[in-house]
Structure formats: structure tokens, C-alpha cells
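To keep things clear, I will list the structure first and then write my remarks on it.
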Amino acid sequence: PEETVTSSFASFIHGAGPEHLSKTVRHRSKRMILDSIGVGLVGSTTHVFDIALQYCRLYSSVAVSSVYGKPGVKLSPTLAAFTNGVATHSMDFDDTWHPATHPSGAVLPALLAASQMLPPSTKPNGMDFLLAFNVGLEVQGRLMHFSTEAHDIPKRFHPPSVVGTMGSAAATAKLLSLSTAQCAHALGIAASLAGAPMANAATQAKPLHIGNATRLGFEAALLAARGMEANPLILDDIPGCSGFSAFYSVYQPKPLSTPSGHHEFLLEKQDIAFKRFPAHLGMHWVVDAALSVRNLFINYAGSFSSSLIRTIVLKIPVSKYINRPFPSSEHQARHSFQFNACTALLDGEVGLSSFTESSIHRQELRELLDKVVVEHPEDNMANFDKMYGEVALLLHSGDVLTGKCDTFYGHWRKPLSKESLLKKFRSNASHVLPEERIETIITMVDNLENLSDSSQL
């Protein structure tokens with residue numbers, strides 16, 4: 001039969017092997033796995049995670065899969081994936097790719113749960129796990145390149161709820177060694193389970209997008225393994241009948257080449273952005289710009305004093321859901337250019353404690369927020385590869401101090417060092433794990449290719 005876009009993806013999922021993972025891909029994906037585990041662990045301390053866990057514990061089922069930050073608590077595999085996915089995105093602290101999505105959180109929880117689900121005689125080893133993880137990443141990345149719309153900050157669907165569900169299905173199908181036909185059906189089933197609106201950004205519902213992506217993709221693979229079928233052209237552009245194209249206004253699908261000795265994963269060419277503090281990725285530009293101008297201000301005045309500032313001008317791209325002048329909750333604050341810029345100016349840093357109720361509602365912070373004016377320069381595009389953040393302080397003296405950032409530390413063009421990544425992981429994990437367990441995870445992920453049983457992770 002003639003090859004289709006969908007069949008090419010299914011062939012890739014089924015046919016990819018360890019030999020196709022370059023040293024760079026293995027290194028970068030292990031950094032992602034470690035960071036995602038740390039983010040999930042600290043995320044297990046949040047209120048929205050507690051809500052999700054309480055919901056999942058209503059169900060009685062075969063409880064074999066572990067939950068982040070809760071020793072002794074196990075759930076059914078798909079509910080564990082859901083709960084851990086919620087934890088991963090509960091603080092908006094997880095990694096981000098370009099085109100924009102959160103790739104690890106949509107895939108890793110499903111693989112962790114599936115590894116514990118499988119019987120001892122069929123446990124995947126560490127290389128199987130690493131390969132499945134990268135297959136899930138690759139499928140997400142290739143799907144996003146089908147649309148020019150996906151390259152910009154999203155307006156309609158939250159990307160991980162769309163491509164993340166497909167990536168979870170692909171990764172789980174790979175880990176379960178499904179046939180080529182079953183892989184195609186898993187993608188088709190996943191497409192019927194995908195999608196969440198951007199209107200729920202900056203609410204407690206947004207972490208559900210990652211939880212659902214990893215869970216529903218997992219379920220799609222399980223259904224395909226049991227014989228459920230779906231449209232075999234789900235990724236193709238069929239006039240008059242939307243498949244995956246329903247999620248994008250511009251859709252130009254291309255086949256995915258069958259793995260060979262020369263196959264190059266997207267992760268080889270496009271590294272990942274790791275966040276230094278728990279907020280929407282766009283915030284990292286304005287925070288670095290604000291910290292830069294704060295240093296100028298201290299050199300100018302000797303110390304930071306908001307009374308000397310008449311106006312704060314933020315030059316940011318147009319993106320409605322992260323333009324929030326006066327956020328009233330932690331989730332709104334994580335999605336507010338104004339809040340993050342002013343917090344950085346006031347405190348000289350942004351961290352976990354910046355998003356507590358007491359920090360959000362400080363009078364001195366409110367006074368700074370009152371001084372903010374937003375501008376949208378035409379050259380500042382709503383695109384994580386092209387945008388910049390600029391913070392200008394107009395002083396009562398008439399002087400103007402300006403800080404600008406076009407590439408923050410942690411962006412794929414300016415990756416976190418190994419030391420910075422480990423510092424972040426240790427800090428996050430320390431909220432729920434003792435030091436010796438933290439170091440064991442670091443060593444295990446670093447040597448993942450040699451792990452005989454991935455369920456140990």
C-alpha cells in the first residue's frame with residue numbers, strides 16, 4: 001500500500017532503535033528526565049496536586065504505580081500517570097521546547113507508570129525507557145512542525161494537551177512493543193482524546209492538561225494493544241474531513257522518515273529550555289531584563305528604592321493570557337509579565353516563595369504594579385525563539401534606566417550548566433526526599449542506558 005503520513009509515523013515508532021540515539025540526544029534527554037522528576041517531586045507539595053490525588057484515590061483498581069512525593073502510595077498505572085503529570089505542571093516549572101510545548105511532562109509519567117505495570121519477565125531496561133522517551137519527544141516535535149501557527153505563543157489549544165497526548169501514545173506504544181498497525185491506531189485514538197483550551201491557562205485546571213495528555217496517550221496505547229482501531233489517516237491532510245488538522249488553522253503534514261543509521265532526532269538540533277523559577281516561560285525574559293536594570297539602579301542610587309521610580313515600562317510581545325496587570329492568585333502570578341518583572345525588581349530574584357499568598361499581596365509590590373505601563377513593539381514577536389523582554393525605569397529625576405534580555409539563562413540558546421541543573425534538581429527534590437535518595441536518582445538517570453530494570457527509577 002501507498003505510504004501515508006500516518007503510516008510513516010507508525011513505522012518510525014515501531015522501527016526506532018537504540019542505535020538511532022546519538023550521544024547528544026541521550027545526554028539532552030537524560031537532563032530532561034532528571035529535571036522533570038525534580039519538578040514533579042516539588043510539584044507534589046502543591047494544592048492542585050492534592051486535589052488530583054484525592055480524586056484518583058476514589059477509584060479501586062490494581063494499584064501498582066508510584067506517585068511523586070508520596071512514599072507508599074500507589075495508584076492504577078493510568079491514574080498514576082495522570083497524577084504525576086499534574087504534579088509536573090502544577091507550578092509551571094517544567095521544560096519547554098520550540099515550537100512551544102512542555103514535552104517531558106506529557107511523556108515521562110506514562111513511561112514511569114507503564115514500567116511498573118509490566119510483569120517482571122517483560123520489564124523494559126533503561127535503554128528501552130530512554131528510547132521510548134525520545135520517540136515520544138520526536139513525535140511531538142514533528143507534529144508541531146506541521147503548522148506555522150505552532151511556532152508562536154498559542155492562542156487556541158494548549159500545545160501539550162494536543163501534541164503531548166500524541167507523544168505519550170507514541171512513547172507508550174514503543175515501550176509496550178506494539179506492532180506498526182497498533183502504533184498507527186494508538187495515534188488515531190489519542191487524537192480523539194486530545195485538546196484543551198488556552199482559556200484555562202493561569203488556573204488550577206491548566207496542570208490537568210499535562211496530566212490528561214500523559215494519561216490519555218497511555219490509555220490510547222493500551223486500547224490499541226487490545227485491538228481498538230482508529231482512522232489510519234489521522235495525521236494526513238484529507239480535504240473535507242479533519243483529523244489532527246482540526247487543532248491547527250494551517251496544516252501541512254510531512255512523512256517521518258523510517259529510522260536508519262542517518263536519522264537525526266529533532267532533539268539533536270533543537271535543545272530544551274529549562275526554567276530557573278516556576279512560571280510561564282515568557283516570564284524568564286522580563287525577569288532577566290528586570291534584574292539587569294535593577295543592578296543599574298543600585299549602581300545609580302546605592303540601593304533599590306521604588307519611591308525614585310515614576311513609571312516602569314515593559315516592552316513585551318502581544319499575548320493576552322500572560323498580560324495580567326494585577327494577578328490575584330498564584331497561577332495568575334505565574335502568567336503575569338507585570339508581576340514577575342516587579343517581583344524581580346523588588347526582591348532581586350524570583351523563586352518558589354514569590355508565588356505565595358503573602359508575597360503576591362504585598363503592599364510594596366502593589367505600589368510597583370501601579371507604575372507599570374505595557375508597550376508592544378512591532379519587532380517583539382510572540383515567539384519563544386524570537387521574542388525579547390525589556391524593562392525601562394523612568395525616574396522622577398528624569399533619568400531612564402533600561403535592561404533588555406533576548407536570551408535568558410536556561411533558554412536552548414543559552415543552556416543551563418550541569419551544575420545549575422543539578423542544583424535545581426536537588427533543591428526541588430529536597431522538599432520530599434532525603435539526600436541519599438536524591439543522589440541515587442541522579443546516579444540512576446546519569447547511567448540510564450545501563451539500568452537493567454527501568455521500573456527501579
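Are there any pairs, at least 6 apart or on different chains, whose C-beta atoms fall under 9 Å, with the first in region 412-432 and free of Cβ contacts under 8 Å to residues at least 12 places away in the same chain and part of a loop (DSSP other than H, G, I, E, B) and the second aromatic (Phe, Trp, Tyr) and crowded, with 17+ Cβ neighbours inside 10 Å, and if so, which?
Lys414/Phe408
Go through (1) modelled with pLDDT under 95; (2) closer than 23 Å to Val67 by Cα for Gly164 and report which single condition fails.
Result: Gly164 passes all but (1).
Kindly indicate the residue of region 341-357 that is within 23 Å of the chain's Cα centre (by Cα) and outside any helix (DSSP H, G or I) and also farthest from Lys424 (Cα to Cα) among those meeting that condition.
Only one residue fits best here, namely Thr356.
All but one of (1) under 25 Å from Thr78 (Cα atoms); (2) of a type in the set (A, V, I, L, M); (3) modelled with pLDDT under 95 hold for Ala194; state the number of the condition that does not hold.
(3)
Mind listing just one residue for me: the one in region 197-216 that is among the aliphatic types (A, V, I, L, M) and on the phi < 0 side of the Ramachandran plot and, of those, most open to solvent (accessible area, probe 1.4 Å)?
Ala199
Based on this model, can you work out whether Ala114 counts as modelled with pLDDT of 95 or more and not charged (D, E, K, R)? Show your work before the answer.
On the way: modelled with pLDDT of 95 or more: yes; not charged (D, E, K, R): yes.
Answer is yes for this residue.
Which residue pairs have Cβ atoms closer than 8 Å, lie 6 or more positions apart in sequence or on different chains, and pair a first residue in region 383-404 that is in the same structural domain as Phe304 (by the TED database) and surrounded by fewer than 19 Cβ atoms within 10 Å (Cβ to Cβ) with a second residue that is part of a loop (DSSP other than H, G, I, E, B) and not hydroxyl-bearing (Ser, Thr, Tyr)?
Asn383/Asp152; Asn383/Ile153; Asn383/Pro317; Asp385/His98
Condition check ((1) over 24 Å from Asn134 (Cα atoms); (2) under 20 Å from the mean Cα position of the chain (by Cα); (3) assigned to a loop (DSSP other than H, G, I, E, B); (4) of a type in the set (Phe, Trp, Tyr)) across all residues:
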position: Ser249; (1), (2), (3), (4): yes, no, yes, no
position: Leu267; (1), (2), (3), (4): no, yes, no, no
position: Ala279; (1), (2), (3), (4): yes, yes, yes, no
position: Leu291; (1), (2), (3), (4): yes, no, no, no
position: Arg294; (1), (2), (3), (4): yes, no, no, no
position: Phe297; (1), (2), (3), (4): yes, no, no, yes
position: Ser303; (1), (2), (3), (4): yes, no, yes, no
position: Val313; (1), (2), (3), (4): yes, no, no, no
position: Tyr321; (1), (2), (3), (4): yes, yes, no, yes
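Can you go through Ala194, Ala190, Ala221, Ala184 and tell me which one is assigned to a loop (DSSP other than H, G, I, E, B), open to solvent by less than 50 Å² (accessible area, probe 1.4 Å) and within 21 Å of Leu256 (Cβ to Cβ)? It would help to see each step written out before you state the result.
Values: Ala190 fails: assigned to a loop (DSSP other than H, G, I, E, B); Ala221 fails: assigned to a loop (DSSP other than H, G, I, E, B); Ala184 fails: assigned to a loop (DSSP other than H, G, I, E, B).
Ala194 is the lone residue from the list that is assigned to a loop (DSSP other than H, G, I, E, B), open to solvent by less than 50 Å² (accessible area, probe 1.4 Å) and within 21 Å of Leu256 (Cβ to Cβ).
Applying the selection to region 303-314, what residues are farther than 11 Å from Leu395 by Cβ and open to solvent by 60 Å² or more (accessible area, probe 1.4 Å)?
Ser303, the sole residue that qualifies.
Being in the same structural domain as Phe146 (by the TED database), more than 23 Å from Leu137 (Cα to Cα) and of a type in the set (S, T, N, Q) is true for just one of Ser292, Ser260, Ser242, Ser307. Which residue is that?
Values: Ser292 fails: in the same structural domain as Phe146 (by the TED database); Ser260 fails: more than 23 Å from Leu137 (Cα to Cα); Ser307 fails: in the same structural domain as Phe146 (by the TED database).
Of the residues listed, the single one that is in the same structural domain as Phe146 (by the TED database), more than 23 Å from Leu137 (Cα to Cα) and of a type in the set (S, T, N, Q) is Ser242.
Return the residues of region 103-125 that are out of contact with any Pro (no Cβ under 9 Å at 6 or more places or on another chain) and under 20 Å from Leu266 (Cα atoms); say none if nothing qualifies.
Listed by number, the residues that qualify are Ser104, Val107, Leu108.
The values are calculated or read from the model by the stated rules, or taken from the named source; none is laboratory data. This is a predicted model, so every value here is computed, not measured. Every residue, glycine among them, receives a Cβ derived from its backbone with ideal geometry; neighbour counts consider all protein chains shown. Calculation scope for accessible area: heavy atoms of the full protein, side chains included, ligands and nucleic acids excluded. Shrake-Rupley method; radii C 1.70, N 1.55, O 1.52, S 1.80 Å.
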